[in-house]
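Asker: Can you read through this structure? Questions will come right after.
The values are calculated or read from the model by the stated rules, or taken from the named source; none is laboratory data. This one's a predicted model, so the numbers in the text were calculated from it and none came from an experiment. FYI the Cβ positions are ideal-geometry reconstructions off the backbone, even for glycines, and counts take in every protein chain you see.
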Amino acid sequence: MKTKQTLTQATASTRWLPALLFALALSLGTFNAPAQDLSVEEIVNRTNTAAYYQGEDGRARVHMEIEDSQGRTRERELTILRKNIGDDNRDQKFYVYFHRPSDVREMVFMVHKYPGEDDDRWLYLPALDVTRRIAAGDERTSFAGSNFFYEDVSGRSPEEDDQELVETTDTYYVLKNTPKNPDAVEFDSFTMWIHKETFLPVVIEYDRGGDVYRKYEVLEVDTIAGFPTVIKAQMSDLRSGGKTINTYQSVEYNVDLPEDIFTERYLRRAPREHIR
């Protein structure tokens, strides 16, 4: 049986962490005691797996609500398909199809992810019937007008940063990540609060010039097919006051997605049976 619990809304400080942990415990059920004395590399690997690699493949319907600084909202409805590739399953392919509203309907974003190398990214714009490649330098720009970036969809490769364990609490690993190529990104560093039992990153704060300007927060989790899964998350722009909330619905794992749908021929001809 699945259990669900809404997480306590995070604030700018870390005072809320005990309440967040309690909500996670209710939501995810009983897990084994967290492993002790893990290396930074092991923490990073487990976190990356929990955030992006659970199951051989996956599918989710996503409701995106974008709110600007004046409280005005826009909505998006999309399907995300993901498949792990290769002998070690570390390469990945993503296919994102937009259902609504009409101005983005049938738009497709596709990623071929290669850890340690630049990803290949495509965007199909149906209104123009144009497919364009997204350059590596554009991956940290707004995704479909939201506060999420293109890079947030498929994840940032751990090889791009130096990681430092700055704090360990009873319930969290706090990991500071500093880019190896600072000229390629807009942040100086980002700090992750990683839940020790599930290895889900529940808060990520991006720092620039000594100020946190961008913040990711997990709002709700669920256990699906045995996998602790984020089903509601928020990205906030703390300078502009805008935010985007993604709610993940109909999440499935190990659905045996064919690899050929993650090719350029399907940018214009969506695989309808897989994006229902």
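Asker: Being loosely packed, with under 14 Cβ neighbours inside 10 Å and of a type outside the set (Gly, Ala, Ser) is the filter here; which residues of the range 176-210 pass it? Give the derivation first.
Answerer: Initial filter on the range 176-210 (loosely packed, with under 14 Cβ neighbours inside 10 Å): 180-184, 186, 209-210.
Once the filter is applied, which keeps residues that are loosely packed, with under 14 Cβ neighbours inside 10 Å and of a type outside the set (Gly, Ala, Ser), the range 176-210 yields Lys180, Asn181, Pro182, Asp183, Glu186.
Asker: If you take the residues of the range 129-153 that are touching a residue at least 60 places away in the same chain (Cβ under 8 Å) and aliphatic (A, V, I, L, M), which of them is nearest to Tyr95 (Cα to Cα)? Steps first, please.
Answerer: First pass over the range 129-153, keeping only residues touching a residue at least 60 places away in the same chain (Cβ under 8 Å): 129, 131, 144-148, 152-153.
Within this subset, residues satisfying the condition of being aliphatic (A, V, I, L, M) are 144, 153.
Working: Ala144: 14, Val153: 10 Å.
Among those residues, the one meeting the criterion is Val153.
Asker: For the range 204-215, give me the residue count where each residue is in contact (Cβ under 8 Å) with a residue 40 or more places away in the chain and either at positive phi or touching a helix residue (DSSP H, G or I) at 6+ places or on another chain (Cβ under 8 Å) (or both).
Answerer: The number of residues fulfilling the criteria is 0.
Asker: What number of residues within the range 144-163 satisfy the criterion of being closer than 25 Å to His63 by Cα, modelled with pLDDT of 95 or more and touching a strand residue (DSSP E or B) at 6+ places or on another chain (Cβ under 6 Å)?
Answerer: 3
Asker: Among (1) of a type in the set (A, V, I, L, M, F, W, C); (2) part of a helix (DSSP H, G or I); (3) more than 30 Å from Ser39 (Cα to Cα), where does Val153 come up short?
Answerer: All conditions pass for Val153, except number (3).
For every residue, the table says whether it meets (1) farther than 21 Å from Met110 by Cα; (2) part of a loop (DSSP other than H, G, I, E, B); (3) among the small types (Gly, Ala, Ser).
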site	(1), (2), (3)
Arg214	yes, no, no
Leu219	yes, no, no
Val230	yes, no, no
Ser236	yes, no, yes
Ser240	yes, yes, yes
Asn246	no, no, no
Gln249	no, no, no
Asp256	no, yes, no
Asp260	no, no, no
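Asker: Any idea which residue in the range 233-274 is nearest to Asp152 (Cα to Cα), counting only those that are in contact (Cβ under 8 Å) with a residue 40 or more places away in the chain and among the basic types (Lys, Arg)?
Answerer: Lys243
Asker: Which condition number does Arg276 fail, the rest of (1) assigned to a loop (DSSP other than H, G, I, E, B); (2) modelled with pLDDT of 95 or more; (3) out of contact with any Phe, Trp or Tyr (no Cβ under 7 Å at 6 or more places or on another chain); (4) more than 17 Å from Tyr52 (Cα to Cα) being met?
Answerer: (2)
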